[in-house]
Structures are given as structure tokens and as C-alpha cells.
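A quick write-up on the structure given underneath.
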Amino acid sequence: MRRSQVQVVFDEPFIAIEEVSDAADSVAPLPLVVPAELPVYSWKYRYIKRILDVVGGLVMLTLYLIPGTIIALVILITSPYPVFYSEQRIGRNGVPFRIWKFRSMRPHGVHRPHILHWRMDKRKHDPRVTTFGRFLRRWSLDEVPQLFNVLRGDMSLIGPRPVVEAETRFYKHLLPFYLAATPGLSGLWQVSGRSDLDYDERARLDATYVQEWSLRSDLDIFMRTVPAVLRRVGAR
């Protein structure tokens, strides 16, 4: 673990990108055939969606400036660990990038073999999560710093949730659809049940989103995100 002067931790001990479960090891690699024609390859996705991401990201970042400052102060006061953490995720076309979040976990005192199981099934109790971290996760406030990822172009406001490398094999034959899109801050999975759904259903929803993408579908998901967050649907 390395700490910087701005209180950010990279590659935490509990982030086991290279670790996989026995079930994951049993899944044989599948040939990846990227569909030749998908709406996410269109000029609307590339340009108009990007413009909306930048404008929307700036507006949301302005709205969250004061709440985000308060969250950072609370984390500093209640936890000996840094305010933010960063970890590598897999982006569009398989390009890795670093995602940013408000820290909601404690990095020590966990058994590494269980980490991927907690990532795969968030219905299970995760002892890594702090008391304040549970509050942040319940209201999806830990993900506010990802607005910077949106502005950088690593992420979009709407799209499949970014995964770590070890999780990509669980997409099986649907992985090309995940890789075809820019990961999102919200998406079809988040408004359809989130952690209440298993991984097969998550992969299916991501594939459906990519195959049926349109600006209207993004707007629909965006409008459904706020009620889903307020109802804490699938929040863990």
C-alpha cells in the first residue's frame, strides 16, 4: 500500500484484481467476437453522448461540491485511513483506467480469499465496510468522485458499471458487449435491482443496454436513477 500527500491510496490490500475464486478458474476462456454493428459505434454515441457527459458532469460536480466537502471531512474525522481510494478497472475496448471513490472500507484485517466473493455477491456481509461507509454506499455517495472519471472520458454518466479484471471472465460470452461501451456512473443494472441481482443477470442487462442503446434510453435510465437511489434499491 502506498500513500500520497493528498491522502489517496492506490492498490489496496483488499483489492484483489489478480485473485479469482475456484469457480472463476473453472470457466474456460471464450473467444471474443466483437459484434460488427452496434449502436454504441455510432457518431451519436461518440460525440453527442460525450458532450452530454461533460455538461452533465460539470453540473453534478457543482451540485455535489459542498456535500462532497462535508463527506471528506467526516471521513477524515471518523477514520484513520485516506479520504479517497483508487483502483484499476477495465474500460471500453479493454483499456484499464483508475476509478475514484470516497473511501468506504478499512484496508486491513480481512481474509483475501473471500474478497472476490464479496465483490460478486454484495448481498453478503462485507466486514471491510466502515460504519460511515455503509451510509455512503446506501445512498451511493461514495461514487461522487467518479464524476472526475466522467469528465476525463474514462466513464460516462450512463453505461455498464466498470469491473475489475478478475470479474470480466464472469461475463462469459457476453463480455464483448461490456467491452464495446464506456463504463457508466449509473446504468440499466443499477436501476433494475443492483446488488439484488446475480452476476449472470448483470451481464445480460449490460448486453441489452449495449445492443439497444440510444440517447432516449440513456435519458430513461438517468430519470430512473434518482428514484432508485432514494429507494436504495439494491444498495449495499
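Determine whether Leu215 is in contact (Cβ under 8 Å) with a residue 24 or more places away in the chain, out of contact with any Leu (no Cβ under 6 Å at 6 or more places or on another chain), within 23 Å of Asp154 (Cα to Cα) and of a type in the set (A, V, I, L, M, F, W, C).
Numbers: in contact (Cβ under 8 Å) with a residue 24 or more places away in the chain: yes; out of contact with any Leu (no Cβ under 6 Å at 6 or more places or on another chain): yes; within 23 Å of Asp154 (Cα to Cα): yes; of a type in the set (A, V, I, L, M, F, W, C): yes.
Answer is yes for this residue.
Is at least one residue of the range 157-165 under 22 Å from Gly133 (Cβ atoms), of a type in the set (A, V, I, L, M) and out of contact with any Ser or Thr (no Cβ under 8 Å at 6 or more places or on another chain)? Break it down into steps so the answer makes sense when it comes.
Our first condition is that a residue be under 22 Å from Gly133 (Cβ atoms); within the range 157-165, this holds for 161-164.
With the extra rule that they be of a type in the set (A, V, I, L, M), the set shrinks to 163-164.
Next, from what is left, pick out any that are out of contact with any Ser or Thr (no Cβ under 8 Å at 6 or more places or on another chain): 163-164.
Checked the range 157-165: at least one residue is under 22 Å from Gly133 (Cβ atoms), of a type in the set (A, V, I, L, M) and out of contact with any Ser or Thr (no Cβ under 8 Å at 6 or more places or on another chain).
Only helices (runs of 4 or more DSSP H) wholly contained in the range 116-232 count here; list those with 1 or more residues that are surrounded by fewer than 17 Cβ atoms within 10 Å (Cβ to Cβ).
On the way: elements: 131-138, 146-152, 175-180, 188-191, 199-211, 215-230.
Of the helices (runs of 4 or more DSSP H) lying wholly inside the range 116-232, those with at least 1 residues that are surrounded by fewer than 17 Cβ atoms within 10 Å (Cβ to Cβ) span 131-138, 146-152, 199-211, 215-230.
If we only count helices (runs of 4 or more DSSP H) wholly inside the range 11-82, which ones have 2 or more residues that are loosely packed, with under 11 Cβ neighbours inside 10 Å and either in contact with a Gly (Cβ under 6 Å, 6 or more places away or on another chain) or at pLDDT 65 or above (or both)? Steps first, answer last, please.
On the way: elements: 22-25, 49-63, 65-78.
Passing ranges, in order: 49-63, 65-78.
Which residue is modelled with the lowest pLDDT, if the candidates are limited to the range 85-99 and must be under 20 Å from Trp189 (Cβ atoms) and either acidic (Asp, Glu) or crowded, with 20+ Cβ neighbours inside 10 Å (or both)?
Filtering first and then ranking leaves Glu87.
The values are calculated or read from the model by the stated rules, or taken from the named source; none is laboratory data. Remember, predicted model here, so these are calculated numbers, not experimental data. Quick reminder, even Gly has a Cβ in these numbers, built from the backbone with ideal geometry, and neighbours come from all protein chains shown.
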